[in-house]
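The values are calculated or read from the model by the stated rules, or taken from the named source; none is laboratory data. This one's a predicted model, so the numbers in the text were calculated from it and none came from an experiment. Neighbour counts run over all protein chains shown; Cβ positions are idealised from the backbone, glycine included.
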Amino acid sequence: MAYADHEQRQRLIAGLRSLVALLETRPEVPTPTFTTLTVFPPRDTDDAMRAEVDRIAAILGAEIETKSLEHGHYCAGRNFGPVRYEVAAILSAARARYDAWRSPADSLTPDSAPSKGM
C-alpha cells in the first residue's frame with residue numbers, strides 16, 4: 001500500500017478536522033470510545049518494511065510492539081488519548097499464511113470432493 005501523496009494527505013487532514021467540528025457541534029452524533037488510524041508501509045522486503053516502521057516509530061517516539069511480532073506484524077504506535085496512530089508492516093510469513101488460508105480451493109483434491117447425496 002502506498003502512502004497518501006501531498007494532496008491526499010491534505011484532504012485527509014481536512015476531513016479529520018471536519019469530522020471533529022461535526023462531533024463538537026453535534027453531541028447527538030454517537031462516537032466510539034476509541035479509534036485507530038493505521039498506515040502500512042509499501043510492500044517490500046521484510047527488512048525494508050521493518051526499517052520503515054523503525055523510522056516512523058522514532059518520529060513518534062514509540063517502541064516496537066513485541067506482542068504483535070508473534071503474529072508476524074511489526075508495529076509501533078502512539079496514543080493521543082483514545083485516538084491511536086500506528087504503523088504496521090505485515091511480514092512475508094504472515095502474508096503467506098493468510099494467502100494459504102484464503103484459498104481453500106488450493107487444498108482440495110478430487111478425493112476430497114463431496115459425494116452425491118450429501
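Does the range 69-86 include one or more residues that are among the charged types (D, E, K, R) and in a loop (DSSP other than H, G, I, E, B)?
Yes: one or more hits.
Which residue pairs have Cβ atoms under 6 Å apart, sit 6 or more places apart or on different chains, and have a first residue in the range 12-28 that is without any contact (Cβ under 8 Å) to a residue 40 or more places away in the chain and assigned by TED's automatic domain parsing to the domain that holds residue 39 and a second that is assigned to a helix (DSSP H, G or I) and surrounded by fewer than 11 Cβ atoms within 10 Å (Cβ to Cβ)?
none
Give just the number: which of (1) surrounded by 10 or more Cβ atoms within 10 Å (Cβ to Cβ); (2) more than 21 Å from residue 42 (Cβ to Cβ); (3) modelled with pLDDT of 80 or more does residue 66 not satisfy?
The number of the failed condition is (1).
Please go through the range 72-82 and give me each residue that is over 13 Å from the mean Cα position of the chain (by Cα) and either without any contact (Cβ under 8 Å) to a residue 24 or more places away in the chain or closer than 18 Å to residue 4 by Cβ (or both), ordered by number.
78, 79, 80, 81
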